[in-house]
Amino acid sequence: MLVDRHTRGIGTWVSRRAHRSGDRIALIDGDRRITYAEFDRRTDQLARALRDIGVRQGDRVAALLVNGAAFLETMFASAKLGAVFVPINFRLAPPEVTYLLADSGADVFVWSGELSPLARAAISGEGVRVRTRVVVGGEPADGETDFEEMLAGGEPRAVGISVAGTDLCCLMYTSGTTGRPKGVMLTHDNLLWQVINSLTLGRGLRETDRTVTVAPLFHIGALGVHTLPLLYVGGTNTILPSFDPAKTLATMARERVTVQFLVPAMWAALMAVSDFDSYDLSALELAITGGAPCPLPVLDYFQGKGVPFQEGFGMTETAPGVSVLDADHIKEKQGSIGRALFHVETRIVDQHDHDVPIDEVGELVVRGPNVFAGYWGLPEATAEAFRGGWFHTGDMGRMDAEGFITLVDRKKDMIISGGENVYPIEVEQVLYRHPAVREVAVVGVPHTKWGESPIAVVALKDSAQATADELIGYARERLAHFKCPTRIEFVPELPRTATGKVVKTTLRKQYGGQETTVQR
């Protein structure tokens, strides 16, 4: 049965889909194939069960869940109830999870059984006020409730609560690679407008579309690029609990996937599967990468395979879409993050928030209905981020006459060496072209003469060989000398967050204490 027509929240999406096409498959989770009618019923039941234990509009429901149907069921049940869903990165340490639970003021904590040691350690920390503990797929301890038992106890009928589009839907914490993570407040309308932006991209999205959801759902990219939009249009999400390159390829082939989002490190891992060509990806019509800059060799590889590859740029704060480099321009504008999405406005500004000339570097600022409502409990940080009515991304870039944006780096990652600005992304993209380089990160380290100097931390491809002098020379043939790394550090792999971003703070700490002689 349809919910009240005045309800504006995302919880109505599955109810409307159940009414229009209830027998279509919404989710595939292992052996389970969940129709829209079943998804609607189960989320109604869970919403009722949550209300029965005292959860009300605005209360926070925290989730430490591996990818699975329970993640989306908890999210949509919370949305139907008008509660706020708080997804938590399950790769955090117990004190970090404790901080998120305490900062959000979560009333309910739902976790995967396999994560029970982490959840139980975190919940005992200072400041946590959780009243209800729910375990998915594991053995509940005293004081804990089984997810399926709790859901089954709820009445299979819509809760009938009116939810405004401006109401808070999700509280998603930034990765926290510098300082404490901040809670990004995303409204129901923010998520709706992300879907609308998705529908304006190229071929758009259709009811017949299928994807594999394998990037971690606690990340806005995995959630916002295809997972939520497909639930809006009536498509199918096949959910994998973790990323395995060969298994992901096999699932994409078996389920005849038509659209696919992965972070660059995942696309690179697929590229490295030895029998890649044995997997039938002929149904794939749209491949998108995002979450971190995509190395140019990855783009080249998939273009060479005939995969229609696009690169998107976004942030948790923009739910996540800001821009996309579409397949029609990906060769011509290689290295760009494309143009702003249909309902997003972008500018490049100087330190006084004045527009800079075409092709000059400044900070990217964004405005649009998908842009978040502010940082949870941080009014000063919110005011600073939104000064002048535009969200200041902290990304440095330039825009050409056609509106294509090229990022040069994070504002905080820019290196100033001898008075010259060095943008690590530019240096990294050059080094990625060296045939021996698998991955690279460039960071600035202190230097007594130049203030900072750039160094490159490099992981070589299997069986490949290269010397530091060789890589420095390679860069010097292609870049001004002041931009080139003065030192190369070789590592087996780069430290990354769960969403594939290189943790440059770790590299700065590890290598920043070593002095070097800069050669100009």
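Odds and ends about this structure:
- For segment 239-258, residues that are open to solvent by 10 Å² or more (accessible area, probe 1.4 Å) and outside any loop (DSSP other than H, G, I, E, B) total 6.
- Looking at Val97, Val110, just one residue is under 29 Å from Leu231 (Cβ atoms), buried (at least 24 other Cβ atoms within 10 Å of the Cβ), modelled with pLDDT under 95 and under 23 Å from the mean Cα position of the chain (by Cα), and that residue is Val97.
- Residue check for Ala37: assigned to a strand (DSSP E or B) and in contact with a helix residue (DSSP H, G or I) (Cβ under 9 Å, 6 or more places away or on another chain): no
- Matching residues, segment 477-509, being at pLDDT 90 or above, not aliphatic (A, V, I, L, M) and not in a loop (DSSP other than H, G, I, E, B): Arg487, Glu489, Phe490
- Of the strands (runs of 3 or more DSSP E) lying entirely inside segment 138-219, those carrying at least 3 residues that are touching a residue at least 12 places away in the same chain (Cβ under 8 Å) are 168-173, 183-187, 210-213.
- The listed residue being over 24 Å from Val427 (Cβ atoms) and at pLDDT below 90, out of Lys305, Lys331: Lys305
- Residue count for segment 51-66, restricted to those that are closer than 25 Å to Gly125 by Cα and either charged (D, E, K, R) or open to solvent by 10 Å² or more (accessible area, probe 1.4 Å) (or both): 7
- Per-region count, segment 68-86, residues over 19 Å from Ser162 (Cα atoms) and either among the small types (Gly, Ala, Ser) or open to solvent by 10 Å² or more (accessible area, probe 1.4 Å) (or both): 3
- Within segment 36-78, if we keep just the residues that are polar (S, T, N, Q) and more than 25 Å from the chain's Cα centre (by Cα), the residue that is farthest from Leu92 (Cα to Cα) turns out to be Gln45.
- Those residues of segment 316-343 which are under 21 Å from the mean Cα position of the chain (by Cα), of a type outside the set (A, V, I, L, M, F, W, C) and assigned to a loop (DSSP other than H, G, I, E, B), in sequence order: Pro320, Asp326, Gly335, Ser336, His343
- Residues that are among the aliphatic types (A, V, I, L, M) and surrounded by 22 or more Cβ atoms within 10 Å (Cβ to Cβ) were ranked within segment 180-191; the one that is nearest to Gly374 (Cα to Cα) is Val184.
- Any hit, segment 273-284, residues being assigned to a loop (DSSP other than H, G, I, E, B) and of a type in the set (Phe, Trp, Tyr): yes
- Candidates Val445, Val427, filtered to the one that is part of a helix (DSSP H, G or I), under 23 Å from Arg508 (Cβ atoms) and either aliphatic (A, V, I, L, M) or touching a strand residue (DSSP E or B) at 6+ places or on another chain (Cβ under 9 Å) (or both): Val427
- Residue check for Ala475: in contact with a Cys (Cβ under 8 Å, 6 or more places away or on another chain) and among the small types (Gly, Ala, Ser): yes
- Residue that is under 30 Å from Ser463 (Cβ atoms) and either open to solvent by 20 Å² or more (accessible area, probe 1.4 Å) or at pLDDT 85 or above (or both), where the choices are His434, His392, His343, His352: His434
The values are calculated or read from the model by the stated rules, or taken from the named source; none is laboratory data. The shown structure was predicted, so the numbers you read here are calculated from the model rather than taken from an experiment. In this analysis, Cβ positions are derived from the backbone assuming ideal geometry, glycine residues included, and neighbour counts consider all displayed protein chains. Calculation scope for accessible area: heavy atoms of the full protein, side chains included, ligands and nucleic acids excluded. Shrake-Rupley method; radii C 1.70, N 1.55, O 1.52, S 1.80 Å.
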